[in-house]
Each structure stands twice: as C-alpha cells, then as structure tokens.
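The values are calculated or read from the model by the stated rules, or taken from the named source; none is laboratory data. Since this is a predicted model, take the numbers as computed values, not measurements. Here the Cβ is made from the backbone with ideal geometry for all residues, glycine too, and neighbour counts use every protein chain on show.
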Amino acid sequence: MQAQNAGGTQPRRTLNEETVRTLWQKTYNTLGKPDWSHLFPYYHEEIVFQDSIQRVQGKERFMALCNRLAERCRQLNMELHTLAVKDNEIIFDWTMTMMFKRFPSTPIYGCTKLTLHEDGRIIRQRDYYDLWGDIFNGIPWFRKPYRRFIRRKFG
C-alpha cells in the first residue's frame with residue numbers, strides 16, 4: 001500500500017516492519033555521514049521528537065536537528081534488532097555507533113517508539129537511551145568511577 005507525499009508527486013510506502021528496516025538501515029551506513037532525506041516524507045508536519053537530551057516540535061526543527069547530528073559525526077552506523085508493529089505504533093531497539101572526528105567510536109544502545117498519525121506519517125518519535133553511560137563506558141579512566149557513582153546514588 002502506498003500513500004501520496006504532501007506534494008502528491010511521489011508515492012510514500014506504508015510504514016511496517018519491512019519498510020522501517022529498509023528505510024532506517026539505508027539512513028545509517030558505513031560509507032559516510034547519515035542521510036535522512038529519504039525518511040523526511042514519512043514525518044508529519046507536526047512531528048514531536050524527544051530523546052534523552054532534547055524535545056523538538058515541527059518537521060522543520062526535526063530536520064534541522066538531524067542535519068546538525070550529521071555535521072557532528074564523521075560517520076554514524078545503526079543496526080536494528082527487534083522490531084514490533086501494533087496498531088499505530090512501531091517499536092525497535094538498536095545499536096548506534098557514532099564516529100566523531102577526534103574521538104573513538106562510541107556505541108549507544110537504545111530503543112525508538114514511533115507513533116503514526118491517521119494518515120500513516122510519523123507524528124511522534126521517542127528515543128530512549130543512556131547517552132552518558134554509553135559514552136563514559138568508552139573512556140577507560142572514567143568508566144569505573146562513573147559506574148560506582150551510579151550504583152551508589154541510584155542502585
């Protein structure tokens with residue numbers, strides 16, 4: 001099944017397990033910076049995106065956020081793992097590895113929940129991950145003190 005893009009020129013495939021895997025794996029690759037341009041037609045104009053460090057509303061602001069991330073990274077890879085679709089929600093877990101210009105590669109482990117608008121486009125995206133824990137795990141001299149602090153204060 002296909003839906004028309006906002007301009008009505010190119011059909012947009014229905015988001016399901018197969019299309020999400022294909023589209024997201026095309027975004028992150030081993031040949032350079034990420035490119036989200038093929039995904040933007042799947043986002044509603046009133047998208048609300050939230051993750052561990054920010055919340056943005058509106059497609060223009062979301063696209064700007066994606067472009068800033070692409071500029072900061074030399075390369076960014078994402079491996080999708082489990083993916084589930086139920087009604088208007090799609091949930092998947094992933095491992096994202098960011099390669100910066102001057103720092104070692106940093107794997108981050110997380111999960112994304114997409115909520116679809118009645119027109120089939122993504123109206124909400126919530127990413128869950130432990131940014132600082134995953135980054136600090138990659139710093140040998142800081143990993144143990146950070147984990148000790150977390151255990152003492154939270155668990």
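Yes or no: Ala70 among the small types (Gly, Ala, Ser), at pLDDT below 80 and at negative phi? Considered against the rule, which asks whether it is among the small types (Gly, Ala, Ser), at pLDDT below 80 and at negative phi, Ala70 comes out as yes. Read through the list (1) part of a helix (DSSP H, G or I); (2) of a type in the set (Asp, Glu); (3) surrounded by 13 or more Cβ atoms within 10 Å (Cβ to Cβ), then give the number of the only condition that Glu71 fails. Result: Glu71 passes all but (3). Run Met98 past the list (1) modelled with pLDDT under 95; (2) within 11 Å of the chain's Cα centre (by Cα) and report the number of the one that doesn't hold. For Met98, the exception is condition (2). With respect to Leu65, determine if the residue is part of a strand (DSSP E or B), under 26 Å from Thr14 (Cβ atoms) and among the hydrophobic types (A, V, I, L, M, F, W, C). The answer is no for Leu65.
Applying the set (1) among the β-branched types (Val, Ile, Thr); (2) in contact with a helix residue (DSSP H, G or I) (Cβ under 8 Å, 6 or more places away or on another chain); (3) closer than 30 Å to Thr14 by Cβ to Thr106 leaves exactly one unmet item: (3).
Among the residues of the range 63-83 satisfying the criterion of being without any contact (Cβ under 8 Å) to a residue 40 or more places away in the chain and under 20 Å from Thr115 (Cα atoms), which is nearest to the chain's Cα centre (by Cα)? It comes out as Cys66.
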